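Structure first, then comments.
Read-outs: derived from the displayed coordinates by stated rules, not from any lab. Predicted, not measured: the structure shown is a model, and the values here were computed from it. Heads up, the Cβs are rebuilt from the backbone with ideal geometry, glycines too, and the neighbour counts pull from every protein chain shown.
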Amino acid sequence: MYRLNLRTSASVTVAATGVVALAAVTPAVAAPSDTLPEAAQRTVSVATYNIHHAAGADGVLSLDRIAGVLRDSGAEIIGLQEVDNHWGSRSEFADQAQELADQLSMNVCYSANLDNAPVAGQTHRQQYGTAILSSYKLRNCTNTPLPNHPRGEQRGLAQADINVRGTTFRFFNTHLTHNSTPGRLAQAKVVNDIVTATTTPSVLVGDLNARPDSAEYPVFTSVLSDVWPVVGEGLGYTFDSDDPKGRIDYILTSSDVTPRSAEVIETIASDHMPVVAEVTLPHPGDVHAAR
């Protein structure tokens with residue numbers, strides 16, 4: 001399996017105290033995909049899953065169980081958060097992203113937001129971050145460090161370009177800070193700036209650590225659209241998995257990507273539950289004509 005390991009150990013400190021004003025994106029305008037013949041459709045299944053280093057709500061560590069959840073979901077492109085890479089005994093020093101890619105026969109890009117020297121008795125660096133798994137080839141994998149804050153853990157925005165039957169789109173994956181609203185606002189601004197500069201159709205997935213009724217939510221959705229209100233059913237709660245209390249895990253798309261369906265998969269394999277959505281990408285001719 002193809003693998004790209006991205007190290008981003010540098011941290012950036014930003015003090016943010018108010019709501020961030022963001023410019024609106026001007027995406028390519030595609031013809032309604034429902035009018036296209038079936039052969040022209042570019043529908044793909046995407047997912048987001050905070051795997052909590054494969055430790056379940058029942059306290060059981062099982063990467064095999066995580067792999068089973070992902071396999072059964074049918075997702076073709078997956079953004080994972082809280083992924084260990086030789087991090088420590090809590091995950092048996094496993095290279096979790098590569099092991100999941102091997103089990104699922106997928107390609108992988110790993111992004112280390114924490115990157116420490118090996119612990120005594122180990123030769124691999126201790127890494128912790130996010131991963132993108134894909135049934136399609138992954139190109140131009142990068143990870144951008146997001147602004148940090150006092151007592152914050154370094155976070156990043158991972159991205160990869162993926163071609164689905166002639167249409168290239170950009171897949172973003174992130175995990176925003178859990179203990180600072182100003183910190184999330186600062187991180188959201190950087191994420192939105194990067195997405196706004198993107199010229200291809202885009203999908204952003206991740207654990208945003210903010211509910212839809214939070215002050216941050218309209219910032220997150222000022223550039224991309226949340227698929228759940230469009231095609232999801234019910235509350236869509238994703239956390240905690242053993243007693244769901246809120247929706248903090250999201251799949252968002254640019255306006256030229258059409259959501260078809262979305263569901264939360266009930267499982268206690270992690271403390272979060274995954275979200276899976278089917279989305280339709282614009283036809284290559286529509287993308288090129290809009291440029």
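Would you mind counting up the charge near ASN179? Only other residues with Cβ under 12 Å from its Cβ, with Lys and Arg at +1 and Asp and Glu at -1.
Values: positive: ARG151, ARG155, ARG184; negative: GLU153.
Spelling it out: positives minus negatives among the neighbours equals +2.
Counting other beta carbons within 10 Å of each Cβ, put ASP213, ASP84 in order, fewest first.
Values: ASP213 8, ASP84 25.
Least to most surrounded, the residues fall as ASP213, ASP84.
I want the antiparallel fraction of DSSP beta bridges within segment 3-290, as a percent rounded to 5. Before the final figure, lay out the partial values.
Details: 53 of 71 bridges.
So the antiparallel bridges in segment 3-290 amount to around 75 percent.
Would you kindly give the portion of the calculated P(r) for segment 103-237 that falls above 23 Å, as a percent of all Cα pairs? Before the final figure, lay out the partial values.
On the way: 3728 of 9045 pairs.
Summing the P(r) of segment 103-237 above 23 Å gives 41 percent of all pairs.
So, R0 is 30 Å and r is the distance between the beta-carbons of SER261 and HIS124; what FRET efficiency does that work out to, to 0.05? Write out the running numbers ahead of the final one.
Details: r = 40 Å, r/R0 = 1.32.
Efficiency, rounded to the nearest 0.05: 0.15.
Where does the charge balance sit around TYR49 when Lys and Arg score +1, Asp and Glu -1, over other residues with C-beta under 10 Å from its C-beta? It would help to have the intermediate numbers written out before the result.
Working: positive: none; negative: GLU82, ASP207, ASP249.
Here the count lands on -3.
Loop only by DSSP, 10 or fewer other Cβ within 10 Å of the Cβ. Give me the trypsin sites (Lys or Arg not before Pro) in segment 143-183 that pass, ordered by residue number. Mind dumping the intermediate values first?
Details: sites: ARG151, ARG155, ARG165, ARG170; in loops: ARG151, ARG155, ARG165.
Here the trypsin sites (Lys or Arg not before Pro) that fit, given the DSSP loop and packing criteria, are ARG151.
Go ahead and run the numbers for FRET between LYS137 and LEU235, Cβ-Cβ distance against an R0 of 25 Å, rounding to 0.05. Mind showing how you got there, number by number?
Details: r = 36 Å, r/R0 = 1.44.
Rounded to the nearest 0.05, the efficiency is 0.10.
Find out how many positive minus negative residues lie around ASP161, taking Lys and Arg as positive, Asp and Glu as negative, among other residues whose Cβ is under 11 Å from that of ASP161.
+3
Any idea what diffusion coefficient segment 221-291 gets from Stokes-Einstein, in µm²/s, Kirkwood Rh on alpha carbon pairs, 20 °C, 1.002 mPa s? Intermediate results must be reported in sequence, preceding the final value.
Details: Rh = 13.3 Å.
Rounded to a whole number, D works out at 161 µm²/s.
How large is log10 I(q)/I(0) at q = 0.19 Å⁻¹ when the Debye formula is applied to the Cα atoms of segment 194-246, each weighted equally and without solvent?
For the requested q values the scattering log ratios are -0.78.
Relative to the compact-globule scaling 2.2 N^0.38 Å, provide the ratio for the alpha-carbon radius of gyration of segment 3-290. Each step should come with its number before you reach the end.
Working: Rg = 18.0 Å, N = 288, 2.2 N^0.38 = 18.9 Å.
The value comes to 0.95.
Neighbour counts of other C-beta atoms within 10 Å: give me THR177, THR198 arranged from fewest to most.
Values: THR177 24, THR198 18.
Taking fewest neighbouring Cβ atoms as first place, the list is THR198, THR177.
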